[in-house]
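Notes follow once the structure below has been shown.
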Amino acid sequence: MTTRRNFLTGAVARESDAAPAEAPTPSLRRPADGHTPRWAMVMDLRKCIGCQACTVACAMENTVHEGSYRTHVPVYEIESEFGPVPAMLPRMCNHCENPPCIPVCPVKATYQTDDGIVLVDQDACVGCGYCVQACPYEARHLDHESGTADKCTFCVHRLDAGLLPACVETCVGGARVFGDLRDPGSAVSRLLAEHDTRHLKPEAGTRPQVYYIGLDDRLVSEVEIEEGARALRRTAGPAPDTKHHEEA
């Protein structure tokens, strides 16, 4: 008597007798059609609430040490017709088409992959900091433990495993959208076709691949991270008196 279980068992046995087929590697970086993607991210500022879930997820995923970041969301206070309002400005490496961090590296530790991702070879990096100074977006830092340059990698290890970057997967408002610019049907391609988008610091000529929807004119060239998240609290009233605490 042939049961469903016997049938399935026999099918599995027959497949195992045949020559094993090479299993496709699940990866966003190696599409089935063989084309090379060009990765980009869209920041939809209409949806960003400044919750910093992306910052926390990035730090946990990439073991970013305390006091440093690979992505961050400074909060600014800008004037509107309704009075002062908060404005979020998600920040990260822009994985530029013309990255100024690459030519200044004396040991070629910073490089760009075929799919546009800018990476750092930690074994080759000597920690000179030239790339940190060259980045117009203040998106690099020297790790205080390893002494080498560190930055956002678009979570390249997750892409290789077929997963989205940690910050995108964790964004509670769906403000971060990641995808392939060379695929007209991708989410980022559709957003760029449907909306006016802007870059940070276009005058730098780096051709960034991080795009913003709803970016205020006054924030286009704003890069002062340390003046971001705390600026909203400071402008609400007089600056706190820190002299006494420093002397104490």
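If we scan region 139-147, do we find a residue that is touching a strand residue (DSSP E or B) at 6+ places or on another chain (Cβ under 8 Å) and surrounded by fewer than 16 Cβ atoms within 10 Å (Cβ to Cβ)?
Start the filter on region 139-147 by keeping residues that are touching a strand residue (DSSP E or B) at 6+ places or on another chain (Cβ under 8 Å), which leaves 139-143.
Among the residues that remain, those that are also surrounded by fewer than 16 Cβ atoms within 10 Å (Cβ to Cβ) are: none.
Looking for residues that are touching a strand residue (DSSP E or B) at 6+ places or on another chain (Cβ under 8 Å) and surrounded by fewer than 16 Cβ atoms within 10 Å (Cβ to Cβ), one finds none in region 139-147, hence no.
Name the residues in region 31-55 that are aliphatic (A, V, I, L, M) and under 23 Å from Ile213 (Cα atoms), would you? First the steps, then the outcome.
To start, the set of residues in region 31-55 that are aliphatic (A, V, I, L, M) comprises 32, 40-43, 45, 49, 53.
The answer is Ala40, Met41, Val42, Met43, Leu45, Ile49, Ala53.
Keeping to region 48-63, report how many residues are part of a loop (DSSP other than H, G, I, E, B) and hydroxyl-bearing (Ser, Thr, Tyr).
Filtering region 48-63 for residues part of a loop (DSSP other than H, G, I, E, B) gives 48-52, 63.
Next, from what is left, pick out any that are hydroxyl-bearing (Ser, Thr, Tyr): 63.
Result for region 48-63: 1.
Gly162 versus (1) out of contact with any Lys or Arg (no Cβ under 7 Å at 6 or more places or on another chain); (2) at pLDDT 95 or above; (3) among the small types (Gly, Ala, Ser): which is the lone unmet condition?
With (1) out of contact with any Lys or Arg (no Cβ under 7 Å at 6 or more places or on another chain); (2) at pLDDT 95 or above; (3) among the small types (Gly, Ala, Ser) applied to Gly162, the lone miss is (2).
When only residues in region 178-204 that are open to solvent by 60 Å² or more (accessible area, probe 1.4 Å) and either hydroxyl-bearing (Ser, Thr, Tyr) or in a helix (DSSP H, G or I) (or both) count, which is farthest from Arg29 (Cα to Cα)?
Per the criteria, the residue is Glu203.
Could you grab me the full set of residues in region 86-110 that are touching an Asp or Glu at 6+ places or on another chain (Cβ under 7 Å) and open to solvent by 40 Å² or more (accessible area, probe 1.4 Å)? Can you show your working first?
First, the residues of region 86-110 that are touching an Asp or Glu at 6+ places or on another chain (Cβ under 7 Å): 86-87, 89, 109.
Selection gives Pro86 alone.
From the list Glu66, Glu22, pick out the single residue that is assigned to a loop (DSSP other than H, G, I, E, B), open to solvent by 80 Å² or more (accessible area, probe 1.4 Å), at pLDDT 85 or above and out of contact with any strand residue (DSSP E or B) (no Cβ under 9 Å at 6 or more places or on another chain).
Matching residue, one of Glu66, Glu22: Glu66.
Residue by residue through region 111-138, note down the ones that are among the acidic types (Asp, Glu) and surrounded by 16 or more Cβ atoms within 10 Å (Cβ to Cβ). Break it down into steps so the answer makes sense when it comes.
Kept after step one, since they are among the acidic types (Asp, Glu), are these residues of region 111-138: 114-115, 121, 123, 138.
Asp115 - this is the single residue of region 111-138 that is among the acidic types (Asp, Glu) and surrounded by 16 or more Cβ atoms within 10 Å (Cβ to Cβ).
Just give me the residues in region 69-85 being surrounded by fewer than 19 Cβ atoms within 10 Å (Cβ to Cβ) and of a type in the set (A, V, I, L, M), in sequence order.
Narrowing region 69-85 to residues surrounded by fewer than 19 Cβ atoms within 10 Å (Cβ to Cβ): 75, 77-85.
Correct list: Val75, Ile78, Val85.
Among the residues of region 171-214, count how many are under 14 Å from Leu89 (Cβ atoms), touching a residue at least 60 places away in the same chain (Cβ under 8 Å) and not aromatic (Phe, Trp, Tyr). Talk me through it step by step, then tell me what you get.
Residues of region 171-214 under 14 Å from Leu89 (Cβ atoms): 175-176, 198-201, 208, 210-214.
If we keep only those that are touching a residue at least 60 places away in the same chain (Cβ under 8 Å) as well, we get 175-176, 199-201, 208, 210-214.
After this cut, where a residue has to be not aromatic (Phe, Trp, Tyr) as well, the list is 175-176, 199-201, 208, 210, 213-214.
Qualifying residue count for the region: 9.
Looking only at region 69-93, count how many residues are free of Cβ contacts under 8 Å to residues at least 40 places away in the same chain and either of a type in the set (Gly, Ala, Ser) or in a helix (DSSP H, G or I) (or both). Step through it out loud before you land on a result.
In the first step, residues of region 69-93 are kept if they are free of Cβ contacts under 8 Å to residues at least 40 places away in the same chain; the result is 79-83, 85.
Subset that is either of a type in the set (Gly, Ala, Ser) or in a helix (DSSP H, G or I) (or both): 80, 83.
Total satisfying the criteria: 2.
The values are calculated or read from the model by the stated rules, or taken from the named source; none is laboratory data. These numbers come from a predicted model, not from an experiment. Because the Cβ atoms are built from the backbone with ideal geometry, glycine has one as well, and the counts that use them run over all protein chains shown. For the accessible areas, the whole protein counts, side chains as well, though only heavy atoms, and no ligand, DNA or RNA atoms are used. Shrake-Rupley method; radii C 1.70, N 1.55, O 1.52, S 1.80 Å.
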